[in-house]
Amino acid sequence: MNVTDNENMDCEKITGVVLAGGLGRRMGGVDKGLQALAGKPMAQHAVERFAPQVDELLINANQNAERYAAFGYPVVPDRIPDFAGPLAGLHAALAQAAHPLVATVPCDSPFLPHDLVVRLHAALVAQDADLAVARTFDQAHPVFCLCRRAVLPHLTAFLESGGRKVDRWYETLKVVEVAFDDEADAFSNINTRDELERWARGDK
């Protein structure tokens, strides 16, 4: 393998981040990622499915850092204050990532696809896009994405100008949506205690 091959391989490496930086308002103000499902925290389910798909894994969390660190991966807090949402988590990950591509998943989707990253990556490369995002049927899932670390200055400017909405930021980029209609159930998320109890009972 020559030097160019090594550089090309390195350019394809991916940092993953599990987004667990929210306030869990719909869950009653508790740290959602640490709520138990089938005997372990929801975020741990996400970590176990996601980690094999990436070359580096980070956890974005703004509270209970020690408990998240116990999963065995670095914990990075938002750099933008006041719980600014998932874009702030992506921003923190882009700033810390060791690799040129960054993939994100939320901590409240414990059933995420095992082939999420490879499919997002294939579309990102094929379309030479800035960002690839998962979609099931007519619904996009913006926090399941793969983007280039090079968008960090653009995202920083968006956040510093007061931007917070994921969809609004995506509108400023070259984005490709990737169909996961065959795995729609894998994107089920758990936002409330009632939903958590239903999944725990096996009643979806």
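For region 29-60, which positions are of a type in the set (Val, Ile, Thr), farther than 15 Å from LEU146 by Cβ and not in a helix (DSSP H, G or I)?
First, pick out the residues of region 29-60 that are of a type in the set (Val, Ile, Thr): 30, 47, 54, 59.
Adding the requirement that they be farther than 15 Å from LEU146 by Cβ leaves 30, 47, 59.
Matches in region 29-60: VAL30, ILE59.
For LEU23, all conditions in the list (1) modelled with pLDDT of 80 or more; (2) in a loop (DSSP other than H, G, I, E, B) hold save one; what is the number of the exception?
Exception for LEU23: condition (1).
Name every residue in region 124-166 that is in a helix (DSSP H, G or I), over 15 Å from the mean Cα position of the chain (by Cα) and of a type in the set (D, E, K, R), in order of residue number.
GLU160, the sole residue that qualifies.
Residue under question is LEU90, and the condition is that it be under 20 Å from MET42 (Cα atoms) and part of a strand (DSSP E or B); does it hold?
Against the criterion (under 20 Å from MET42 (Cα atoms) and part of a strand (DSSP E or B)), LEU90 does not qualify.
Go through region 151-166 and report how many residues are within 16 Å of GLY89 (Cβ to Cβ), exposed (fewer than 14 other Cβ atoms within 10 Å of the Cβ) and hydrophobic (A, V, I, L, M, F, W, C).
0
Quick check on region 107-115. Is at least one of its residues over 12 Å from the mean Cα position of the chain (by Cα), modelled with pLDDT under 95, surrounded by fewer than 23 Cβ atoms within 10 Å (Cβ to Cβ) and hydrophobic (A, V, I, L, M, F, W, C)?
Looking for residues that are over 12 Å from the mean Cα position of the chain (by Cα), modelled with pLDDT under 95, surrounded by fewer than 23 Cβ atoms within 10 Å (Cβ to Cβ) and hydrophobic (A, V, I, L, M, F, W, C), one finds at least one in region 107-115, hence yes.
Go through region 49-62 and report how many residues are touching a Pro at 6+ places or on another chain (Cβ under 9 Å) and among the charged types (D, E, K, R).
Of the residues in that region, 2 qualify.
Under the condition of being of a type in the set (A, V, I, L, M) and out of contact with any Lys or Arg (no Cβ under 8 Å at 6 or more places or on another chain), which residue from region 162-178 is farthest from PRO86 (Cα to Cα)?
Once the filter is applied, the top-ranked residue is VAL176.
Suppose we filter ASP78, ASP82 for residues that are of a type in the set (Asp, Glu), under 23 Å from GLY162 (Cβ atoms) and either surrounded by 18 or more Cβ atoms within 10 Å (Cβ to Cβ) or at pLDDT 95 or above (or both); which single one remains?
Matching residue, one of ASP78, ASP82: ASP78.
Is it true that some residue in region 43-51 is touching an Asp or Glu at 6+ places or on another chain (Cβ under 9 Å) and of a type in the set (Val, Ile, Thr)? Please lay out each step first, then the result.
Of all residues in region 43-51, those touching an Asp or Glu at 6+ places or on another chain (Cβ under 9 Å) come to 43, 46.
Filter once more, keeping what is of a type in the set (Val, Ile, Thr): none.
Checking region 43-51: not a single residue is touching an Asp or Glu at 6+ places or on another chain (Cβ under 9 Å) and of a type in the set (Val, Ile, Thr).
The values are calculated or read from the model by the stated rules, or taken from the named source; none is laboratory data. Computed from a predicted structure; not experimentally measured. Neighbour counts run over all protein chains shown; Cβ positions are idealised from the backbone, glycine included.
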